[in-house]
Amino acid sequence: MSIVPKETIEVIAQSIGINNLSDDAALSLAPDVEYRMREIMQEAIKCMRHSRRTILTTDDVDGALNLRNVEPVYGFTSGGPLQFKRAIGHRDLFYVDDRDVDLKDVIEAPLPKAPLDTGVVCHWLAIEGVQPAIPENAPVGAIAAPSNGTTYEQKEELPVDIKLPVKHVLSRELQLYFDKITELTLRKSDSTLFKEALVSLATDSGLHPLVPYFTYFISDEVSRGLNDYSLLFALMRVVWSLLQNPHIHIEPYLHQLMPSVVTCLVSKKLGNRIADNHWELRDFTAKLVASICKRFGHVYNTLQTRLTKTLLNALLDPKRALTQHYGAVQGLAALGPNVRLLILPNLEPYLRLLEPELLLEKQKNEMKRYEAWRIYGVLLRAAGQSIFERLKIFPPLPSTPAHAIWKSKEKVVTAAPNKRKASTEPMEHEPALKKIATDGPTTVSANSSPSPMQVETVTTLASPGKYEAGQPSSSEKMPNRVGKDGKVLKKSAILNQIWKDDLNSGRTLVTVFELFGESILSFIPSPEMSLFI
Amino acid sequence: MENMQAVNSFVTAYLKKKGFKEAEQLLEDLQKKESAPIDFHNDPDLAKLIHHFSQSEDDVARYQDGYSKLRSWTYSSLDLYKHELLRVLYPVFIHSFMDLVAKGHLQEARTFFNAFHEDHELMHSRDLQKLEGVLSQSHLEEMEFARSLRQNKVNIKICQYSYGLLLQYLHKTQSTAMLGVINEHINFQVTSGQPGSISDDTEVVTLIGSCQDAASLINQKEIHWGLLEDSLEERLEKEGGLLSDSEKAEAENKEGDVDDSKKRSVEGGKQGASTKKLKKDKAVNATAKSARPEAKPTPAAPRVKPELTLPVMSTEVEQSILEDLRNRVQLSSIALPSVSFYTFLNTHNGLNCSSVSQDGSLVAGGFSDSSLKVWDMAKLGQQAGSSTLQGENDSTSSEHVAGPNGVKRSYTLFQGHSGPVYSATFSPLGDFILSSSADTTIRLWSTKLNANLVCYKGHNYPVWDVQFSPVGHYFASSSHDRTARIWSMDRIQPLRIMAGHLSDVDCVQWHANCNYIATGSSDRTVRLWDVQSGECVRIFIGHRSMILSLAMSPDGRYMASGDEDGTIMMWDLSSGRCVTPLMGHTSCVWSLAFSCEGTVLASGSADCTVKLWDVTTSTKAPKNEEKSGNPNRLRSLKTLATKSSPVYSLRFSRRNLLFAAGVLSKKY
């Protein structure tokens, strides 16, 4: 009947040396034990309240025992609440995790650091009823939200409050801060001060009231300053910093921010001088867009689809400038694996379009050619990465015969290590990709003559038909071919393997391989690679 | 005897014909036992009744049955009357439970309790927690709460029709157990007309020890809530507009002071005689208070004379206070106060209480390691906020005490208690601190000498709270021993002992005119005591959990009390009625404070917020009254969230700057 069963009483009795406790005694003791326990808890709660706490600690129980003139229970004192663990196999049995400690260890252990002494600090919680936005105060929530709950609760008795339109008061300090930041962004975006300002934007807790002003400022400046490369970059860095700040809620202002951001990604012309590295700006903005989608994609589910549509339209419109195409590809690539797959189906026709632009003979304008190579690089990267993602999701399929065979050819693999090196470590993958994506174009611009890579591409583009014939053949035949052309054979063998694993993705890879040649191979992750080998 | 037999057979036949098998069986049993003849003129229902009674001893289940039927009937009753009938359920439930326990059916009592306690969990969870532990007859005797429940009847106001419904139901269903419980423990006050509104519930919610009548009787005593005659504020008001020139003011003040001290010395002599000539503010009787006094615009608070001999203030102190009063910021619902927040760091969960001196320059913390620590904010250097107020308290100088390792501490350490320090209070001038502790003592410390001056022993159990009176010299304490005591600084024995609470006295607060103290208790009542006579003059019933904080309005008419659940209640002292409950906090209200003109109430809570409430009932805001139309309108003005720091104490300075103190706590 009581929560203390008589068995408990019996066990306790035995533990203090009473072996023959009668059933009746145990039965009548049990309810009394429960009553006393409740009494102690009641007193302990009083002690807790007077210690201004809301969590009961062992000290409170000791205090309660003291009140009842009972010896306190020693050995449980602790600064904080006890950590209880659930006994395995029981639903509602808990115990205090009490480790055995070797006394020797305790004695030999170095003295712990002395705890910090108690101190008092003072700050303004409110000035004339308004909370200043300082780090000591809790971050301000959505403007004018908090008063709602209380007025609602009292509604039943009180006349309804008519709410006046909310007046948004911006403190003088915030105004100064805003002015300073905007001035820095406009004028001295390359100074160290601006860098510090960005850090402050990314970390300060009291900036929430300024967010609408910043969004307006950014969209305004972007629309006006499309010719000013450094300004645009500075603005994008401000956006990036604002996004980083954990204390502000930027969601309600995203719809104002996004157009300016997308502008910086796919605009036809960013900056007015040739020296302006607008590619970098596009890369940066693509990253920005990706991070926005990642953070708020689940809140605004239309965000990503709309963005994708915009970018894809920009890419598929042959009338748009190559720079726009570049931005669109970069943006799509940054958005994630699903989106990247959208590029692949359009890859072949697009490359066909691009091809004349790439060749020196056909495109005399060096600038145009450079742009085309840029796009080629970024397409390569996007396609490669999607293949990489694709392969990563494959379950490892240990096909023993193939395994044994490829093992014997380990030498061949090590023979061409420099390509592989980039992909041996998945962590290192990212920078390596970048290098590839930018390598090609820079060599082109440096030499302004057909680069070796170009030649290679052309040859490989021409050659796939030859290898394609061999692909459907079984892997057992492979060793024979290794001797002739280890590298190429290996490639086709891998493709073959994938072909067998997954017809669909294999086909994709083949297409990609056809389009890009062997440069795509560096995107194939090393685990898979080693599996095939 | 033969006649008897004939009758019996006649009755048996009748029962058979009617199909009352059980009754027939019963009758046969009775015949066998040669029991007393039955009144056969009654209808067969009686037999049924007897049948019930015959089984009553072993049939405990009828409590359960009866209650569950009554419950389902109540829940399906008419909406208009339902809430009245629901009120009946709770006393029936607890008394049924205690009946079962008293009769020794412990197992059944427990199942009964478990089956139905959820219904009342919302309103009476703490009572139920207590009762749940009652497991034997002896517990019923031992537990004060249970005993007082058993001894006293519950008063329930119920309208004619609901009462009729209930009676009809009880008769129809023959639930004698329920009828018995209701007859024994409930006192119905049947009123004609419409059923009462739900909000009237408060009176029934708390079943206090002394019966309701006693409480309402006490509440009819007259009290003088007016302010002290001749207070500084009053003088300032009189001088009011004239004083544009500060020098002129000083001169006049000096004259005033001379007068004042003369007057005082005279007063002191004929203290006893003068009390009779008090301007009496008749307390409004509970019966005759249909028209609330505060509905009409009232003049400034009436003045009363002090019942205690008050300490004499020095001229310099008076000067500084007057200076403050002149510089006071007027607060209202549109002009909110500035709040300076003192955060305690690295307390290692040991801070039990905190207190801020009147001018905010000193901050004291009482710790569970028996120590009392006092910080002088001026010495901390970075206190730009409070430094402007420093002028008020430049004489105080506590040395920076060097710690044992020669490391300088930022605070003055007061050691002397031998148990956790539960409360600390500064004297109005900031030169003394009182601290109360679990070691049952109260200690007086000097902030000038940095030493313990007196140790007051008198309480038998931990002293939960201690408060200096608004004029200093006197102080009140409250303890686990269920008493509150009045002390003066110069005597080591208490002057008065206030006994009457049924549980711990958790907090204590002085009335603005020093003639009364209010105490809040774990028995969920607030009481007002006359300091001179030591009598209880008001009982305020309505809270649903332990009362943790109290505040008196500066005009002396209202009192606010905050409890464990986060409810704050505003009381009218003269009527003893709750003006408005203020809902908003979600956890314990540790501290309450009225602004100096009484227009704003600040509350600090364990939910890490300071809330500001509009108290437009103040006599000094007649404009607001006219505008709103409802003078009792209280609303939350602003919620100021702290950064995970529960607010331990609040205090308005004389210039209406709000000081708040709290401890930075990690979340578990």
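In the structure shown, do any of A:LYS46/B:LYS448; B:LYS17/B:LYS172; B:LYS373/B:LYS448 have a Cα-Cα gap over 25 Å, and if so which?
Distance filter (> 25 Å) returns A:LYS46/B:LYS448.
What nm value, rounded to one decimal, do you get for the distance between A:ASP97 and B:GLN330 when each label is placed 7 Å out toward the C-beta?
6.2
Report the one residue of B:SER488, B:GLN467, B:CYS507 whose Cα lies farthest in the direction of the positive end of the charge dipole of the stretch B:461-514 (charges on C-beta: Lys and Arg +1, Asp and Glu -1; origin at the Cα centre).
In the stretch B:461-514, that residue is B:SER488.
Need one number: nm distance between label points at A:THR8 and B:GLN107, each 7 Å from Cα along Cα→Cβ, rounded to one decimal.
Modelled inter-label distance: 1.9 nm.
Going by the alpha-carbon gyration tensor, a ≥ b ≥ c the square roots of its eigenvalues, is the stretch A:173-342 rounded (a/c under 1.5) or, if a/c is not under 1.5, prolate (a/b greater than b/c) versus oblate?
oblate
Net charge within 14 Å of A:MET48 by Cβ-Cβ distance, Lys/Arg positive one each and Asp/Glu negative one each, not counting A:MET48 itself?
With Lys, Arg at +1 and Asp, Glu at -1, the neighbours total -3.
Step through the table entries A:LYS180/B:LYS666; A:LYS269/A:LYS319; B:LYS16/B:LYS69; A:LYS195/A:LYS287; B:LYS130/B:LYS221; A:LYS113/B:LYS666, compare each Cα-Cα distance with 24 Å, and write down the pairs that go over it.
Those over the limit are A:LYS180/B:LYS666; B:LYS16/B:LYS69; B:LYS130/B:LYS221.
Which FRET efficiency, nearest 0.05, do B:GLU22 and B:CYS455 yield, Cβ-Cβ r, R0 51 Å?
0.10
Calculate the mean, over all residues of peptide B:360-366, of how many other protein chain Cβ atoms lie within 10 angstrom of the residue's Cβ.
What the average comes to for B:360-366 is 1.
Please list, in chain and number order, the residues 5+ apart from B:VAL537 or on another chain whose amide H is under 5 Å from its amide H, with Hs placed from the backbone.
Amide H to amide H, under 5 Å and 5 or more residues apart or across chains, B:VAL537 pairs with B:LEU528, B:TRP529, B:ASP530.
Just how large is the dipole of the stretch A:209-320 about the Cα centre, in debye to the nearest 20, putting +1 at every Lys and Arg Cβ and -1 at every Asp and Glu Cβ?
It works out to roughly 340 debye.
Is there a simple number for the mean count of other chain Cβ atoms within 10 Å of the Cβ of residues in B:125-136, and what is it?
4
Per-residue counts of other Cβ atoms within 10 Å, averaged by peptide: what ranking do you get for B:641-651, A:222-232, highest first?
The densest-packed peptide leads the list: B:641-651, A:222-232.
Nearest 0.05, what FRET efficiency do A:LEU27 and B:SER125 give at R0 = 22 Å with Cβ-Cβ as r?
0.15
Could you give the size of the charge dipole of the stretch B:60-196 about its Cα centre, using +1 on the Cβ of each K and R and -1 on the Cβ of each D and E, expressed in debye and rounded to the nearest 20?
The calculated dipole for the stretch B:60-196 is roughly 320 debye.
Could you compute how much accessible area chains B and A hide from each other, both sides summed, with a 1.4 Å probe? Nearest 100 Å² is fine.
Chains B and A together bury roughly 5600 Å² of accessible area.
Order of A:94-103, B:164-173 by packing, highest average Cβ count within 10 Å first?
The peptides rank, most packed first, as B:164-173, A:94-103.
Please give the contour-minus-distance gain from B:GLN415 to B:TYR75: 0.36 nm per residue of separation, less the Cα-Cα distance, rounded to one decimal in nm.
116.4 nm
Taking each residue in B:371-379, count the Cβ atoms of any other chain within 10 Å of its Cβ, then average. What number comes out?
2
Net charge near A:PHE76: determine it from the other residues with C-beta under 10 Å of the C-beta of A:PHE76, scoring Lys and Arg +1 and Asp and Glu -1.
Cβ neighbours under 10 Å give a net charge of -3.
Just grab the label-to-label distance for B:LYS221 and B:ILE492, each label 7 Å out from Cα along the Cβ direction, in nm (one decimal).
That separation, rounded to one decimal, is 3.1 nm.
Any chance you could run the full-extension gain for B:VAL317 through B:ALA499? It's 0.36 nm times the residue separation minus the Cα-Cα distance, nm to one decimal.
Full extension of this stretch gives 61.9 nm more.
So, in Å, what gap is there between the alpha-carbon centers of the stretch B:555-601 and the stretch B:124-188?
Centre-to-centre (Cα) distance: 32 Å.
Which order do peptides B:568-579, A:258-269, B:474-485 fall in by mean Cβ count within 10 Å, highest first?
B:474-485, B:568-579, A:258-269
Assuming R0 = 35 Å, can you tell me the calculated FRET efficiency for the pair A:THR192 and A:GLN256, based on Cβ-Cβ distance, to the nearest 0.05?
Efficiency, rounded to the nearest 0.05: 0.75.
For every other residue with a beta carbon closer than 15 angstrom to the beta carbon of A:ASN137, add +1 if it is Lys or Arg and -1 if Asp or Glu, then tell me the sum.
Once positives and negatives cancel, what remains is -2.
The values are calculated or read from the model by the stated rules, or taken from the named source; none is laboratory data. The shown structure was predicted, so the numbers you read here are calculated from the model rather than taken from an experiment. Reconstructed Cβ throughout: ideal geometry from the backbone, glycine too, with neighbour counts over all protein chains shown. Heavy atoms of the whole protein, side chains included, go into the accessibility calculation; ligands, DNA and RNA do not. Shrake-Rupley method; radii C 1.70, N 1.55, O 1.52, S 1.80 Å.
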